[in-house]
1. For region 41-58, in order, what is each residue's ³J(HN,Hα) by Karplus, 6.51 cos²θ - 1.76 cosθ + 1.60 with θ = phi - 60°, in whole Hz (x at glycine and Pro)?
2. In whole percent, and with a 1.4 Å probe on the protein chains, what portion of the accessible area of region 1-70 is carbon and sulfur?
3. Can you send over the carbon and sulfur percentage of the accessible area for region 77-139, probe radius 1.4 Å, protein chains only?
4. List the residues whose amide H sits under 5 Å from the amide H of SER87, counting only those 5 or more places along or on another chain, with H placed 1.01 Å from N in the peptide plane.
5. Going from most exposed to least, what order do HIS122, HIS137 have by accessible area with a 1.4 Å probe?
6. Which FRET efficiency value, to the nearest 0.05, is calculated for MET1 and SER29 with the Förster distance at 30 angstrom and r the Cβ-Cβ distance?
7. Taking only protein heavy atoms into account and a 1.4 Å probe, give the accessible area per residue of region 1-80 in Å².
8. For ILE45, ILE6, write out the residues from largest to smallest accessible area, computed with a 1.4 angstrom probe and no ligands counted.
Amino acid sequence: MVELIIVMVIVGLVSAMAIPRLSSAADRSRVAATTANLRLIARAIEYYAAEHADRGPLDEPDGSTTSDGDLVASRLTARTTASGQVSSTGPFGPYLRTMPPNPYNRLATIRIGGAAAGANTHGWRLDPATRLLAGDHPGVVAPSGGGDGALAVDGGAAVADGELEIAP
């Protein structure tokens with residue numbers, strides 16, 4: 001009986017040490033996946049702009065900005081014409097096979113503007129004024145425009161606190 005109690009105590013101690021390490025590894029992998037997905041979307045936006053006369057997927061041919069996240073996602077995942085119209089025969093794109101999901105809430109949609117990042121209504125939030133792309137999951141840091149700890153990405157984008165700034 002004493003041996004059984006000793007074994008149970010040892011198993012309890014080992015699991016008490018292992019569980020926090022495993023949960024922090026899961027958090028680190030979620031952060032890494034979010035950063036990778038933000039970079040993937042940012043790179044797709046850069047490629048789109050390069051082929052559409054420096055107009056991003058938010059920009060309409062008349063100079064206005066769309067607020068339709070589904071249209072932006074379609075422009076990145078389908079073929080488009082020079083004016084940005086989604087067309088199966090368009091010469092440009094697709095830039096993404098599918099929209100990557102946010103690892104925190106598993107949503108693969110984009111919200112343009114509206115509530116601050118963290119509302120958890122979509123996978124991603126793209127601010128039309130600042131062109132900051134951020135996860136839309138609870139606890140995300142509100143877009144700040146970069147700052148300390150920013151990591152440069154090709155085309156002028158920077159990762160900071162789980163957000164990505166996209167050069168217009």
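The values are calculated or read from the model by the stated rules, or taken from the named source; none is laboratory data. Every value quoted in this text rests on a predicted model; they were computed, and no experiment measured them. We place every Cβ from the backbone using ideal geometry, glycine too, and count neighbours over all the protein chains shown. Areas reflect the complete protein model, heavy atoms only, side chains present, ligands, DNA and RNA absent. Shrake-Rupley method; radii C 1.70, N 1.55, O 1.52, S 1.80 Å.
1. 5, 4, 5, 4, 5, 4, 5, 4, 4, 5, 8, 10, 6, 6, 9, x, x, 7
2. Here it works out to 66 percent.
3. Carbon plus sulfur share of accessible area: 55 percent.
4. Residues meeting the amide H criterion: ARG79, THR80, THR81.
5. HIS122, HIS137
6. Given R0 = 30 Å and the Cβ-Cβ separation, E is 0.10.
7. 62
8. ILE6, ILE45
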